[in-house]
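K.L.:
Provided herewith is a single structure, encoded as structure tokens, for subsequent inquiry.
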Amino acid sequence: KQEVTQIPAALSVPEGENLVLNCSFTDSAIYNLQWFRQDPGKGLTSLLLIQSSQREQTSGRLNASLDKSSGRSTLYIAASQPGDSATYLCAVPGGYKYIFGTGTRLKVLA
Amino acid sequence: NAGVTQTPKFRVLKTGQSMTLLCAQDMNHEYMYWYRQDPGMGLRLIHYSVGEGTTAKGEVPDGYNVSRLKKQNFLLGLESAAPSQTSVYFCASSPESDSLVYEQYFGPGTRLTVT
């Protein structure tokens, strides 16, 4: 059974710092991994989707990597800003469905 | 495109009452999902559908029913609400994919409180 873990559960950093969020999954037989952002009281916004054939995806200051063999993905945020404060979730598919981690709650201090 | 929309945004129910949550998507997506999100539990799949007229159980289906009579709509019903169903409910949709890569698009959520 696929399980997804995100560590740390919460992170507080000063503005401008580069940071890495981690996502681990137990079954490496995945076709893709998706990173989401969730602001308080809001829905999930897709940030990046990495297909199994890719090792990285980039969007602006965000870079996501995928290492299927080790069951890990990282989301790198460069030059963090207070507007990056949110909960970040990763999800992997299990058949037609997605299995979510419980998220990392990020706070960027001005 | 509106993407994925959900109605209502908020609702308060008394124990034993029933209600239906509506999810609509205008992206012609084949797959649709209902999740609930609870503190410390993350997102858990309630039911999903892989096409018009089909439904399947997810991780936590008890106490809920669903219907997908039209491709663009996915309804979640609570027949007899219980306080344990107090949660935020999210709908999502995905396009069909030959590569088995399903990118999910989420609605804004419905906050339900059962007293």
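No value in this document is a laboratory result; all are computed from the given coordinates. Quantities reported herein were computed from a predicted structural model and do not represent experimental measurements. Here the Cβ positions follow ideal geometry from the backbone for every residue, glycine too, while neighbour counts run over all protein chains shown.
K.L.:
Only sites in a loop by DSSP and with at most 15 other Cβ atoms within 10 Å count here; which trypsin sites (Lys or Arg not before Pro) in the range A:29-110 make the cut? Before the final figure, lay out the partial values.
P.N.:
Working: sites: A:Arg37, A:Lys42, A:Arg55, A:Arg61, A:Lys68, A:Arg72, A:Lys97, A:Arg105, A:Lys107; in loops: A:Lys42, A:Arg55, A:Arg61, A:Lys68.
For trypsin sites (Lys or Arg not before Pro) across the range A:29-110 that sit outside H, G, I, E and B with at most 15 neighbouring Cβ atoms in 10 Å, the list reads A:Lys42, A:Arg55, A:Arg61.
K.L.:
Let me know the volume per residue of the alpha-carbon convex hull for the protein assembly as shown, in Å³.
P.N.:
122
K.L.:
List the relative contact order of chain A as a percent without decimals, with contacts defined as Cα pairs under 8 Å and 6+ residues apart.
P.N.:
Reported relative contact order: 37 percent.
K.L.:
Something else: For every other residue with a beta carbon closer than 15 angstrom to the beta carbon of A:Ala64, add +1 if it is Lys or Arg and -1 if Asp or Glu, then tell me the sum.
P.N.:
Working: positive: A:Arg37, A:Arg55, A:Arg61, A:Lys68, A:Arg72; negative: A:Glu56, A:Asp67, A:Asp84, B:Glu103.
For residues surrounding A:Ala64, the net value is +1.
K.L.:
Hey, what's the Kirkwood Rh for the range B:14-115 if you take every pair of different alpha carbons, in angstrom?
P.N.:
Evaluated on the range B:14-115, it is 13.8 Å.
K.L.:
Would you work out the Kirkwood radius for the range B:1-61? I mean one over the mean of 1/r across all pairs of different Cα atoms, in Å.
P.N.:
Evaluated over the range B:1-61, this radius sits at 13.4 Å.
K.L.:
Once the Cβ-Cβ distance between A:Gln51 and B:Glu96 is put in as r, and R0 is 25 Å, what FRET efficiency do you end up with, to the nearest 0.05?
P.N.:
0.95
K.L.:
Now, a different point. Kindly work out what percent of the DSSP beta bridges joining two residues of the protein assembly as shown are antiparallel, to the nearest 5. Each step should come with its number before you reach the end.
P.N.:
Numbers: 74 of 83 bridges.
For the protein assembly as shown, the DSSP antiparallel bridge percentage is about 90.
K.L.:
What percentages, rounded to whole numbers, describe P(r) for the range A:27-103 computed over all alpha carbon pairs with 10 Å bin width beginning at zero?
P.N.:
Per 10 Å bin, starting at zero, the Cα-Cα P(r) for the range A:27-103 comes out as 18, 53, 26, 3 percent.
K.L.:
Round to the nearest 0.05 the FRET efficiency obtained for B:Thr5 and A:Ser24 when R0 = 35 Å and r is the Cβ-Cβ distance.
P.N.:
Calculated transfer efficiency: 0.55.
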